[in-house]
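Report on the following structure.
The values are calculated or read from the model by the stated rules, or taken from the named source; none is laboratory data. Everything quoted here is computed from the prediction, not taken from an experiment. Just so you know, the surface numbers come from the protein's heavy atoms only, side chains and all, with ligands and any DNA or RNA stripped out. Shrake-Rupley method; radii C 1.70, N 1.55, O 1.52, S 1.80 Å.
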Amino acid sequence: MDYVSMDMAQRNAFKEQCADKEQLKELSTTYRMYKYSKWYKELNSQRC
C-alpha cells in the first residue's frame, strides 16, 4: 500500500532502489504466513 500512496518522484526513486542489488536485499522480505493463505488451504483440501 505504500507504493500506491507515493507520487511519481517517490515511485521513480523506489524503482531505482529496486534496481540496485544491495538495496533490493534490504527491501525484500520473506512471506511466512503461507500456511494460513487461501491457496495453501485449497491445496491441502485437494490432497485429502
- Residues of the chain: accessible area per residue at 1.4 Å, in Å²? 103 Å²
- Task: Specify which labelled value, from [x] 15.1; [y] 13.5; [z] 12.5, agrees with Kirkwood radius over Cα pairs in Å derived from the coordinates of the model shown.
- Result: [y]
- Where does the chain land at 222 nm, in deg cm²/dmol rounded to the nearest 500, when only DSSP H runs of n ≥ 4 count, each adding -39500 (n - 2.57), divided by all residues? -17500 deg cm²/dmol
- Message: Nearest 10 degrees is fine. How inclined is helix 38-47 to the longest principal axis of the chain, computing both from alpha carbons?
- Response: 30 degrees
- Within the accessible area of the chain (1.4 Å probe), percent carbon and sulfur: 54 percent
